[in-house]
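A short worksheet on the structure shown next.
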Amino acid sequence: MSLQFILGNGFVDHQKEYLTMAREWLKKGTDYQVFFLVPNYNKFEREMTLLHGLKEDQTESFASIRAQVFSFQRLAWYYLQEIETYQTKQTISESGANMIMQKVLVEHQADLQLFRGEISKLGFVQQLVSLYAEFQQGGVSVEALHLMGEKDNASAEIEEKLHELSQIFGRYEQQLLEKEVSLAQPLIELTNYLVSKLINVSEFSKTMFIITGFSSFKPDEKGLIATLMQLGQVKIDLLLDHPALNTSPLDLFFDAQKTYDYFLNFAKDQSIPILFDNKVVANDQSDNRFVVEQFFRQTQNGQTFIKDKAVDDYLHVWQADSIQTEMHQVALEIRRIVAGETELGKEKTYKDIQLFLAEEDKYRPYLASIFAEYEIPVYVNEKKKMVQHPLVQFLETIVDLDRYYYRLTDIIRLYRTELYVPHYVKEAYPDFSRQQIQFQQLIDVTENIALAQNFHGKRWISAKDWQVYSFDAEQEMPVETTDLSLKTNKLRQAFRRDIHGFLIKIKQAETFAEATRMLYDFLLKNGVDQQLLAWRNEAVQAGELDQARNHEQTWSALMATFDEFVHLFGDTPFDWSVYTNLLIHSLTNVTFGKIPTSIDQVQVNRIDLARPAQADVVFVLGATETALPRKQENQTLLDSNEREWLNEQLLGERLMDPVKENLRKEPHVGYSLLLAGAKRTYLSYPASSETEQFVKPSPYIQRLLDWQMVTATKKASLKKEIVPTEVVGTYRGLIRRISQIERQSKQEKLPLPTVWRQLKQKVLQSPLREVAEMVFMSSDFQNIPVSLTKEQAEKLYGSSLYSSVSRLETYHNCEYRYFVQYGLRLKERDIYGLTSAVTGEFFHDALDRFLSLLIRDQLSLTNLTEEMRQSLVEEVLKSIFGDARYQILASSSRMMFLYHQLSQTIQRVSWVIQEQAKRSKFSPAQTEVLFGQIAAKKGISGLEIPLNNGGKLHVRGKIDRIDHVYVGDQAYIGVVDYKSSAHDFSITDAYYGLAMQLLTYLDVALMDAAELIGQETAKPAGAFYLHVQDPILKEEENLDQQRLKKYKYTGIFMNDASLYQAYDQSLEKSQNSDVFPIRMDKDEHYQIVSQSKDKFYTEDELNVLLDHNRQMMKQSAEKLLQGTISLNPTLQLKNQKRACQHCPFRSVCTFDAMLPENNYHKIETLSKNAAIQKMEEGNHEHS
């Protein structure tokens, strides 16, 4: 038994020294052995390196059984695997400990105040278990915690926290005792086992333990090492330049010095032989890496450093203008190193290179894509939690289905995991790939229907099939949905049987063990294990071995969880809430175990895992002032002040402050990074990022720059003047660079530089020619739609065009939208809710039925009593409420409230129509007048406009109301259009084709006046908008008059004095009409309200408007049948209203006003006279 330290700074070759000691030891005899103890995170890597190093100089056959590399945990398993008492001991894993802690929290949640809100948060249970372990290692008992919380000098916050912690930990220990289990503590178990061997040390006398890669040890590790020192030969390798009696906490090697002092004093106290320190010396002090070590250590520790030379050939500092540029330059340099194009020689492979990311979150998103572009194999050393794996998501969703009573989002989420595929789908599609495609399509259809029909909750578990209802508002007819009803009900019934049935069954379990068996049987019955197996096989075939292992590990983790469930809580009376809480929390905290790389790959690590000479070449990315040194955050349940107070009460530093400890260790991290490259280290940082404009380098880099130890090289983004070798590493990368340079040249209207033009020709002759051609074509791409041929347009629309007025307005708002919406027939999926379209349909239907009753029963609006009007409206609303189109209004209490509001609005509007009728001579002639043909319904003849191809434009629509009046013997006809939002007629919009409805309705009414009112020679009375609303009134007086004013007609009025009295016959002198924009002056003459003069048109002006309206229709139809497609959304300059503002097809057209080829169709506001003049000129041209 003995102790010896191997000491040296970060420059010297520690490994060479202790490998020499190991070789000499092994030469003593075939029964001599060496055990290396290394950190667990790089155990595999160190094992490969150390065993390879030992084997190199072995002249005889080398048996690796005599020299083994262990982590502390693995060493414990090695010795204890054959010990029967250890194997039979009831211990639990970390996952089991978390389960018990979670159960304690759930069962005693009501007793907690401070931590009650934290119980459901991810990671809280681990924090508690970690804190408990920390208290145990520090010798702080639950009783001590409780007593400290009752001290007079304890603040109220500390008192409450310690009180709840002592409660939680007390119950936790009680659970451990009741279940007769203990936490798995293999190092303590091994220490106890080895202590029993102290009486017979000969068993270990020929074993050497070499401990390397550590600067400090945990208490259980210290205890084990102390025992090993008493049994065998212990060599502790420390990164320590030379031992010192008094070391400052700020010293670079403070941790190593503390470790040295601890074991030295222990050996002295136990009379363990202490061999002279083996101090590894620097053989070549002229090496620049030696200079870097001296510089950093001496300047960090406040010692005097005398600069001898710069170290540019070992340390390279890069300043890139962005993170992407930095990543590209690093990838390119790696390619150059492996290709032997640097001073490092030609023997470097990818595994000789390692990357360290100072800010993983910022760099990792670019890593895979950029390294793939440069064809660099990469291994990322990271831990991923299983929480996002489909199996965990599946189980979480099963729980949520019950918790939230079958929310649609949870149901679809369950299906999207694709771990539940109904048996009838599997039988119909035995081929796995086809099965996946068909099932995904079925889920998509079902989700769309469920969203549109509001199928959730009890609708999914009802024995009665649901009925899918769909109504085409434009065609005014129901859509055939029988097939959809059958398909979706079949899927829903399978869900009801398999999922809902399981949830009912498992709640009848009596114990946790019985519930676990039920859950296991459920998974097997529904083929979850087979689905995971199929995914694994697919991943293996695709070469995605990590993904394949993840599927295996997740299933294994679930099975291990089931085993521990039964072991720990098997006889516990079943409680669904507690059971699911424990199950989900236990799975969400498990991480995937990754197999370390052993093939030729670049390894990517966290910066805190760096050690001197870790690889031949090292790149440190993102070395900015905020990332290196790192900012430290306290992620434990005790802050720094609380820890300090507790240590004062405990009369010793038993609880470490992680923030202070990590801050103190940061310079050592920087030291290790600078020396991590055995041959060269690259330090790089971006000058700017997405969140910062002016980024400064790490203080460690700045120190090097200030001392002029290195010179920073700027790495700029791609510019056409750049030398290709500085930015190109592969053919694929070359294609990307040529495309970027070509785009820059085009923007500057310059030719592609010669060297890039030559490279372009070269790549077009390479095996990637097809890819290159496709990419180069994209540089010429313009976001301009390709028009159809006449033949294609005719196939799409027909030789004659059938369209509605609103469709034609859409065309003039944006031609491309018309093509997508009515040509390709794309549409957004329906979302259940009371949309403006449904509301508008309700209003139109209700008012139509109300007026139709009056016309049918020959009732006059003016003669209706208030009771009669209300009764008629109630009759109408009752009939509407039973209509399938409005079944949404009976779906919930909220919808019933909205129905009441809509009904109130109809009552208001019916009152308004009656009041308007009392004041005006106009009376309704017909309502909901259909013109043209809509589906199977044919109305009065609509507009039929001849087209140049011999076909016709058939315009269809529906006029909400036809009014008529007689002035003398002359009949007048007018149209009323109901709108659920405020509207007014704009002559500017009419000129540009954006307001065609009123003009078209009036045109049709005049054309078919004989059929509508029995008068062929009827004149136009106007076309009006009526705002259907229930307005909020501000004043309390004259409420009826205020309300009536809110409904005043807007639109097109005739400048015909003989009509004014017909508009409002109730006016008195000096009074404005509440119905139309006219007034009676003091001389009892009717006048147009001055603010509304531009709303009145003569008959000649109206004819100009009507002719222009027809001409706009014809032009749009001609262009459509020519196949012309333009991306030209309107932009109204007056109010900046854009056609794109609420367009659902933005993702299809990708219109971007910043692109030179994408321009708005700008709508300039025109005066009435200017617009009519332009219309007259246009009509004359086309006449």
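Structure values in brief
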read-out	value
Where GluC sites (Glu not before Pro) fall in DSSP loop in the range 744-817, at most 11 other Cβ within 10 Å	Glu748
Cα-based equivalent ellipsoid of the range 724-779: semi-axis lengths in Å, sorted from largest, via gyration tensor	17, 13, 10
Charge dipole (the chain, unit charges on Cβ, about Cα centre) - positive-most of Gln547, Gln758, Val330	Gln758
Option label - Cα Rg over 2.2 N^0.38 Å computed here, alternatives [x] 1.17; [y] 1.10; [z] 1.29	[z]
Aspartates and glutamates with Cα under 18 Å of Lys309, excluding same-chain neighbours fewer than 8 positions away	Asp284, Asp287, Glu293, Asp706
Cα Rg, Dmax, the range 94-178, angstrom units	12.5, 38
Overall form of the range 836-1103 per C-alpha gyration tensor (a/c, 1.5; a/b vs b/c)	oblate
Protection-proxy order for peptides 602-614, 570-582, each taking the mean of Cβ atoms within 10 Å per residue, highest first	602-614, 570-582
Overall dimensions of the range 578-655 by Cα: Rg and Dmax, Å	20.2, 54
Electrostatic dipole magnitude of the chain [Cβ: Lys, Arg +1; Asp, Glu -1; Cα centre; debye, to 20]	2100
Fraction of beta bridges assigned by DSSP in the chain that are antiparallel (%, nearest 5)	35
Built amide H within the under 5 Å cut-off of Ser800, gap 5+	Lys952
GluC sites (Glu not before Pro) restricted to DSSP loop in the range 165-232 with at most 16 other C-beta within 10 Å	Glu180
Under-5 Å amide H pairs with Ala320, H placed in peptide plane, nonlocal only	Tyr685, Ala687, Lys715
Estimated dipole of the range 695-745 in Debye, rounded to 20 [Cβ of Lys and Arg +1, of Asp and Glu -1, Cα centre]	180
Dipole of the chain, positive direction: furthest Cα of Met1113, Ala613, Ile599, with charges on the beta-carbon	Ile599
Dipole in debye (nearest 20) - the range 600-677, about Cα centre, beta carbon charges: Lys, Arg +1; Asp, Glu -1	160
Binned Cα-Cα distances of the range 386-588, short to long, each 10 Å bin given as a whole percent	8, 31, 33, 20, 6, 2, 0
Convex hull projection area averaged over all views, the range 1090-1173, Cα basis, nm²	7.9
Furthest towards positive pole of dipole, Ser910, Ser920, Gln887, structure part the range 864-923, Cβ charges	Ser920
Loop-located GluC sites (Glu not before Pro) in the range 669-725 whose Cβ has at most 11 other Cβ within 10 Å (DSSP)	Glu690, Glu721
Flagged links, alpha-carbon separation over 20 Å, of Lys103/Lys507; Lys937/Lys958; Lys426/Lys487; Lys827/Lys938; Lys1034/Lys1137; Lys179/Lys507	Lys827/Lys938; Lys1034/Lys1137; Lys179/Lys507
Computed helical MRE - 222 nm, the chain, DSSP H runs ≥ 4 contributing -39500 (n - 2.57), nearest 500	-15000 deg cm²/dmol
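Values in this text are rule-based calculations from the coordinates and carry no lab data. Please read all numbers here as calculations on a predicted model, not as lab measurements. No Cβ is skipped: glycine too gets one built from the backbone with ideal geometry, and neighbour counts run over all protein chains shown.
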